[in-house]
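The values are calculated or read from the model by the stated rules, or taken from the named source; none is laboratory data. What you see is a predicted model, and the numbers here were worked out from it, not measured in a lab. As a convention, Cβ positions derive from the backbone with ideal geometry for all residues, glycine included, and neighbour counts pool all protein chains shown. Each accessible area value is taken on the protein alone, full model and side chains, heavy atoms only, with ligands, DNA and RNA left out. Shrake-Rupley method; radii C 1.70, N 1.55, O 1.52, S 1.80 Å.
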Amino acid sequence: MKTRQYSLFEDSPENEANQQPPTASQKQKKPENDEPQSSYSGRPAELSFDIEATGRSPISDSVVGISLCRETGKAFYVPIRHTASPNVSDALAILKDTLEDESIPKIGHNLKYDMLIVRQEGIHVKGTLYDTMLASYLLNPNKPGHSLEDVAIEYLMHKKNPFANVLGKRSSFSEVPLDEATRYAAEDAELAMELRNILFERLKTEDLERLYFDIEMPLIYILADMEEAGVKVDRKIIEELSKELDRELDVLQARIYAIAGETFNINSPKQLCKILFDGLGLKPLKKTKTGYSTGVDVLEELAKVHELPGEILNYRTLHKLKTTYADTLPRLINERTGRIHTSFNQTVTATGRLSSSDPNLQNIPVRGEWGTRIRESFIADDGCVLVSADYSQIELRILAHISGDPGLADAFKSDIDIHTKTAVELFGVPGSSVTGEMRRVAKIVNFGVIYGMSPYGLSEALGISPKEAGTYIDQYFKSHSGVRDYMKSTIETAKELGYVTTLLGRKRPIPEINNASANSRQQSERLAINTPIQGTAADLIKIAMINLWKRIREKKLKSRMVLQIHDELLVETPEGELEAIKELIKREMENALTLSVPLKVDIGWGKNWAEAH
DNA sequence: CACGTCAGC
DNA sequence: CGCTGACGTGG
């Protein structure tokens, strides 16, 4: 192999140095000793890299170039597939050894993205990952964005990159002239290298190192696998569903126009207000910032006195399902894989949950006949089944653990129906006399507890007066003083420290907790109460995912996780592995953490997601 | 791009 | 009352 077949293009704008690139022959040599290599003669001690690609979707886009940095002040750009530029067809092949070397730590900003892009070139990045985007997120999950630019501005007082809009009118990075591309791209790898030093030092002082290395870093690999795997959607089923919804919507539309006596845009809340409140003279029950509300609560109430609001609600439901799911999902089936590949975002939520986007597969409908129909289109590959495993009452169990409330803990230890138990306490009747309505109220109160309920909020949810809601809250805390004490002390801690933490030490700053405004303060108090509960549940399922993934590898099973929906894992498994994987999933999920109350996981399976549930 | 609305946990 | 993302409307 020729040693200097390609040239690495220098370099960041402020650095004129033109160092020798590592040559292919040198790269294949093992270092003479285990000392970190700071010279360019051997393997890098660690490597910062950043992929430039044709677009933002790592499953369907491909590599244009890669920038590399092994010490601050010196960065390189290797063009791979630029139009009208010297390209290096085997540059990636030469880098493969380094990127796959487990002993070389990798530094980057949003490494999951870069990992997925190079996987298409047959490169499987391995080793310790220093992801500066994740580090920034753990240091402040309230931050609205963690782009390299955002983070560099905050921590390096970095000025905006003058080449930031290097794309301009060009359709892809591959169109960018090499000199511009180099100055733009090389800087990114170098920025990540500089940020690593600062952010990981800060992680240590903030006691977030274990959360990073034990949970978030291993999860990068798992989420990359899940995104790469995708989930199979039956195009025929979903497209047929769309047609059916279309026909149904036509019927509803005609009916609505007939009742209203005129045509209008049903999807426009503004036009709907005119029809409802001006035309029919119905009473507006609630206001929004800009006018009268036509939300579901209002329309349900109005449906008692007129036939139109009910039809509007039907129309809205079907329209939502059609436009958001039935029409959209088939378009997102990847041509190459025949599957849908979501993005699992690890640095978005303030509590530590994941989010899913493009498409969001964490809000696929589940209720109602149409919800079932949509989930029936999510299917297992040939010879496989889908296994759905979800935690039962995970947040209330976590509340029982962290509050130490005996009543709550006992309920879970004896596996009692928690909503019925709460109904018994609220209404002072024996369990056998609890009606459906009483249980419904109790369920909403239990949710309210987790959300840091206020009399106002609970009253809205129950459709009663804040005063009545207040008596439910009082009644609840009479039975659960442990929960009341926990909430009081959590708020006190938040006021002192300015942040709250989860069981695994994840932190969320609560900046407004001492705000002069009572509204803002009370809002902060609810965040302080909810975040440790929701955030610990997020920690817990992340641990379960890591442990399950390791066990699947150890046992060389073919099963693969495909979706995580906050308290549920969806696994695609060859039929022959079904019994084994059910056992494994249940064990790893129920034992992810040892709490003072047992964790319970319900498992189902089937050829599609509806059956599995 | 803000807003209202609604799908999920 | 907590946490999200996507759609259509209308400026």
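Place a label point 7 angstrom from the Cα of A:R440 along the Cα-to-Cβ direction, then list the residues of segment A:357-385 whose backbone nitrogen is under 15 Å away.
Output list for this probe position: empty.
In segment A:416-559, what is the count of Lys pairs whose alpha carbons are under 28 Å apart, counting only pairs at least 8 residues apart or on separate chains?
22
Separation of segment A:158-229 and segment A:420-483 by C-alpha centroid, Å?
47 Å
Between 0 and 90 degrees, rounded to the nearest ten: what's the tilt of helix A:466-479 against the longest Cα principal axis of chain A?
Roughly 70 degrees between the two axes.
Could you work out what % of the accessible surface of chain A is carbon and sulfur, using a 1.4 angstrom probe and leaving DNA, RNA and ligands out of the count?
49 percent
Taking amide H atoms as placed 1.01 Å from N in the peptide plane, list the residues 5 or more away in sequence, or in a different chain, whose amide H sits under 5 Å from that of A:W605.
The answer is A:S388.
Which loop-located GluC sites (Glu not before Pro) does segment A:304-411 contain, where loop means any DSSP state but H, G, I, E or B and the Cβ has at most 14 other Cβ atoms within 10 Å?
Details: sites: A:E307, A:E311, A:E335, A:E369, A:E376, A:E395; in loops: A:E335.
Answer by residue number: A:E335.
A:L285 to A:E206: extension gain in nm, 0.36 nm per residue of separation minus the Cα-Cα distance? Before the final figure, lay out the partial values.
Details: separation 79, 0.36 × 79 = 28.44 nm, distance 4.85 nm.
In short, 23.6 nm is gained.
I need the Debye-formula profile for chain A: one equal scatterer per C-alpha, no solvent, reported as log10 I(q)/I(0) at q = 0.06 1/Å, two decimals.
One equal scatterer on each Cα of chain A leads to -0.40.
Only Cα pairs under 8 Å and at least 6 apart count here; give the relative contact order of chain A as a rounded whole percent.
The normalised contact order for chain A reaches 13 percent.
Rounded to two decimal places and with Rh computed the Kirkwood way over Cα pairs, what is Rg over Rh for segment A:486-548?
1.08
What do you get for the angle between helix A:235-260 and the principal long axis of chain A? Use alpha-carbon atoms, 0 to 90 degrees, nearest ten.
40 degrees
Using alpha carbon centroids, what distance separates segment A:76-144 and segment A:250-312, in Å?
The two parts, judged by their Cα centres, are 53 Å apart.
Output the peptides A:188-196, A:245-253 sorted from most to least packed, where packing is the average of other Cβ atoms within 10 Å over each peptide's residues.
A:188-196, A:245-253
Give the dimensionless ratio obtained when the Cα radius of gyration of segment A:395-535 is divided by 2.2 N^0.38 Å.
1.06
Report the full-extension gain for the segment A:T471 to A:K586: residue separation times 0.36 nm, less the Cα-Cα distance, to one decimal in nm.
Length gained between A:T471 and A:K586: 37.5 nm.
Once both axes come from the Cα atoms, what is the angle between helix A:178-205 and the longest principal axis of chain A, in degrees from 0 to 90, rounded to 10?
60 degrees
Return the distance in nm (one decimal) between the two label points of a simple spin-label model at A:K160 and A:E244, each offset 7 Å from Cα along Cα→Cβ.
Taking the two extended label points, one gets 5.1 nm.
For the pair A:N267 and A:I198, how long in nm is the line joining their label points, each one 7 Å along Cα→Cβ?
So the two model labels end up 4.4 nm from each other.
Hey, with R₀ at 22 Å, roughly what FRET efficiency would A:E307 and A:K274 work out to, going by the Cβ-Cβ distance, to 0.05?
On the way: r = 18 Å, r/R0 = 0.82.
Efficiency computed from Cβ-Cβ geometry: 0.75.
Note the count of lysine pairs whose C-alpha atoms are less than 26 angstrom apart in segment A:90-231, limited to pairs 8 or more residues apart or on different chains.
Taking segment A:90-231 as the scope, the lysine pair count is 19.
Could you give the nm distance between label points at A:T323 and A:K607, where each point is 7 Å from its Cα heading toward the beta carbon?
Inter-label distance under the simple model: 3.4 nm.
Work out the FRET efficiency for A:D415 and A:L593 from their Cβ-Cβ distance, taking R0 = 22 Å, and round it to the nearest 0.05.
Computed FRET efficiency for A:D415 and A:L593 comes out at 0.75.
If you roll a 1.4 Å probe over the heavy atoms of the protein chains, what accessible area per residue do you get for chain A, in Å²?
Accessible area per residue, chain A: 47 Å².
Taking A:K287 as the anchor, which aspartates and glutamates have their alpha carbon closer than 14 Å to its alpha carbon, excluding any fewer than eight residues away along the same chain?
Within reach: A:D297, A:E460.
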